[in-house]
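All remarks here apply to the structure that follows.
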Amino acid sequence: MSIVTIERKVLEKNDALAASNRQMFARHRLLALNIVSSPGAGKTTLLEATIDRLKHHVRIAVVEGDVQTDIDAQRVARYGVPVVQIVTNGGCHLEAGLVAAAVDRLDLDAVDLLLIENVGNLVCPANFDLGEAMKVVVLSTTEGADKPLKYPAMFRRASVLIINKVDLLPYIDADVGTIRRYARQINPKLLVFETSATTGAGIPEWCDWLLSTLTAGHA
Ligand code: MG
Ligand code: ZN
């Protein structure tokens, strides 16, 4: 019983900090996305492809959440955008307070799009609001179609689903129709993109949507 109480207090504190992040992001007129997935779904490769395509059109900054290393932050930094690394030292999710401390190192007036790569985990990141405008869940075709049914909270709270690694479909026993059906069963409002961050398939559609969302927000 006490465990439940402590957990609720942690979440209440996080929600207050997330609300303050959300106000800060609105004040700076930036779009913040919380990008979540299992380990290895391709979040960092998707970020690289997205930044490569959009960096001359919008001002992008990245917050990288990782359990132990700054390998992903180094990969993203090669594209010449500001990156702040959060190392959670074993922690399995980002929290709003960590994101607040990270963005404190950025000039938010010079940012239109803030991409927050969460720790690879589909469970508790669903419960920790970071103050983002939307959660984007990345699911690789190799993970199996039943992920949305197994981790419904994450798919319910996400606004966008990116089905990544579609280039591998010929080699595996998975089909995108089933993934879409299960995902929409959990969340009928999910916007779905199919991408291969390595071949570039679907990246233009995803980036066009990002640009139109940014334009709508600034109108
Ligand atoms: Mg990564
Ligand atoms: Zn966690």
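Going by the structure shown, is residue 105 closer than 20 Å to residue 25 by Cα, among the basic types (Lys, Arg) and open to solvent by 40 Å² or more (accessible area, probe 1.4 Å)? Yes, satisfied. Residue-level check: of (1) touching a Leu at 6+ places or on another chain (Cβ under 9 Å); (2) within 14 Å of ligand 1 (Cβ to nearest atom); (3) farther than 27 Å from residue 152 by Cα, residue 73 misses just (1).
Of the residues contained in the range 14-32, none is found to be touching a residue at least 40 places away in the same chain (Cβ under 8 Å), within 16 Å of ligand 1 (Cβ to nearest atom) and closer than 21 Å to residue 161 by Cα. Report yes if residue 99 is closer than 16 Å to residue 134 by Cα, away from ligand 2 (no atom under 16 Å from the Cβ), under 14 Å from the mean Cα position of the chain (by Cα) and at pLDDT 95 or above, otherwise no. Criteria not met by residue 99. Just one of the listed residues (93, 57) is within 18 Å of residue 158 (Cα to Cα) and not small (Gly, Ala, Ser), namely 93.
In the range 85-103, the residues that are among the charged types (D, E, K, R) reach residues that are not in a loop (DSSP other than H, G, I, E, B) with C-beta atoms within less than 6 angstrom, at least six apart or across chains, in these pairs: 95/14. Inclusion of residue 70 among residues that are charged (D, E, K, R), under 20 Å from residue 136 (Cα atoms) and either modelled with pLDDT under 95 or surrounded by fewer than 16 Cβ atoms within 10 Å (Cβ to Cβ) (or both) is not warranted. Of the residues screened, residue 162 is one that is assigned to a strand (DSSP E or B) and under 22 Å from residue 47 (Cβ atoms). Among all positions in the range 184-199, there is at least one residue which is in a helix (DSSP H, G or I), among the aliphatic types (A, V, I, L, M) and open to solvent by less than 40 Å² (accessible area, probe 1.4 Å).
May I ask you to list the residues in the range 129-139 that are within 16 Å of ligand 2 (Cβ to nearest atom) and either more than 16 Å from residue 22 (Cβ to Cβ) or open to solvent by less than 10 Å² (accessible area, probe 1.4 Å) (or both)?
Across the range 129-139, the qualifying residues are 130, 137.
The residue that is surrounded by the fewest Cβ atoms within 10 Å (Cβ to Cβ), among those in the range 58-67 that are away from ligand 1 (no atom under 11 Å from the Cβ) and closer than 23 Å to residue 18 by Cα, is 59. Contact annotation: residue pairs with Cβ atoms under 7 Å, 6 or more positions apart or on different chains, pairing a residue in the range 116-139 that is at pLDDT 95 or above and among the aromatic types (Phe, Trp, Tyr) with a partner that is within 16 Å of ligand 1 (Cβ to nearest atom) and open to solvent by 10 Å² or more (accessible area, probe 1.4 Å), are 128/93.
Are there helices (runs of 4 or more DSSP H) fully within the range 5-124 with at least 1 residues that are farther than 18 Å from residue 214 by Cβ and of a type in the set (Ser, Thr, Tyr)? List them.
In the range 5-124, the matching helices (runs of 4 or more DSSP H) lie at 43-54.
Just so you know, in the range 112-121 the residues that are crowded, with 23+ Cβ neighbours inside 10 Å and more than 12 Å from ligand 1 (Cβ to nearest atom) include one that is nearest to the chain's Cα centre (by Cα), and it is 114.
The values are calculated or read from the model by the stated rules, or taken from the named source; none is laboratory data. What you are looking at is a predicted structure, and each value in this text was computed from that prediction instead of being measured. As a convention, Cβ positions derive from the backbone with ideal geometry for all residues, glycine included, and neighbour counts pool all protein chains shown. In case anyone asks, the SASA skips ligands and DNA or RNA and just uses the protein heavy atoms, side chains included. Shrake-Rupley method; radii C 1.70, N 1.55, O 1.52, S 1.80 Å.
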